[in-house]
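The structure under discussion appears below in the form of structure tokens.
The values are calculated or read from the model by the stated rules, or taken from the named source; none is laboratory data. Model, not experiment: these values are computed from the prediction. Every residue, glycine among them, receives a Cβ derived from its backbone with ideal geometry; neighbour counts consider all protein chains shown.
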């Protein structure tokens, strides 16, 4: 098999094309507009949601029903959810949807990986800090549970 000989005028074009293809990364085809930093995404305090308790002293916070309007959760979003829980939850379950109204026309799934990152619980303010460490846009619903007996006096 003989090597292909390019005309001298075509060589710079071929070299430029190969260099461009070799240096093409993910950001070449889509702009890098997703800022995941806390500095670039000021925390938003959310006071909605409901907290209930039963006779056994189990408290459950729900940011919204799964079939109602969920919290907008774009890449980098930081929330402080005012829970009304007596102490840090023993179980926090973030759920995500691509549909604004969750199961009312769409579906909801448990968040995975870095889609919803639990940053902590502020005992003083009774807020649960949660952030999106993904560049995808979702709608968020959070359930947090604690048994009062687990809270320190």
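Just to verify a result, which residue in segment 67-77, among those that are touching a strand residue (DSSP E or B) at 6+ places or on another chain (Cβ under 7 Å) and either part of a loop (DSSP other than H, G, I, E, B) or free of Cβ contacts under 8 Å to residues at least 60 places away in the same chain (or both), is nearest to residue 34 (Cα to Cα)?
77
Could you check segment 123-146 and list, in sequence order, the residues that are touching a strand residue (DSSP E or B) at 6+ places or on another chain (Cβ under 7 Å) and closer than 10 Å to residue 88 by Cα?
Selection gives 126, 127, 128, 144, 145, 146.
Which condition does residue 64 not pass, out of (1) assigned to a loop (DSSP other than H, G, I, E, B); (2) at pLDDT below 65; (3) surrounded by 10 or more Cβ atoms within 10 Å (Cβ to Cβ), if it passes all the others?
(2)
If I ask for residues that are in a loop (DSSP other than H, G, I, E, B), under 13 Å from residue 131 (Cβ atoms) and modelled with pLDDT of 95 or more, which ones from segment 78-114 would you list?
111
Six or more apart or on different chains, Cβ under 6 Å: which pairs go from a residue in segment 29-56 that's at positive phi and modelled with pLDDT of 90 or more to one that's surrounded by 10 or more Cβ atoms within 10 Å (Cβ to Cβ) and assigned to a loop (DSSP other than H, G, I, E, B)? Could you list them?
The qualifying pairs are 49/63.
Which residue pairs have Cβ atoms under 6 Å apart, sit 6 or more places apart or on different chains, and have a first residue in segment 95-106 that is touching a residue at least 40 places away in the same chain (Cβ under 8 Å) and a second that is exposed (fewer than 15 other Cβ atoms within 10 Å of the Cβ) and assigned to a loop (DSSP other than H, G, I, E, B)?
What qualifies is 99/105.
Can you tell me which of 101, 59 is more than 22 Å from residue 34 (Cα to Cα), in contact with a helix residue (DSSP H, G or I) (Cβ under 8 Å, 6 or more places away or on another chain) and surrounded by 14 or more Cβ atoms within 10 Å (Cβ to Cβ)?
It is 59.
Within segment 117-124, is there a residue that is modelled with pLDDT under 95, in a loop (DSSP other than H, G, I, E, B), farther than 19 Å from residue 48 by Cβ and out of contact with any helix residue (DSSP H, G or I) (no Cβ under 9 Å at 6 or more places or on another chain)?
Checking segment 117-124: at least one residue is modelled with pLDDT under 95, in a loop (DSSP other than H, G, I, E, B), farther than 19 Å from residue 48 by Cβ and out of contact with any helix residue (DSSP H, G or I) (no Cβ under 9 Å at 6 or more places or on another chain).
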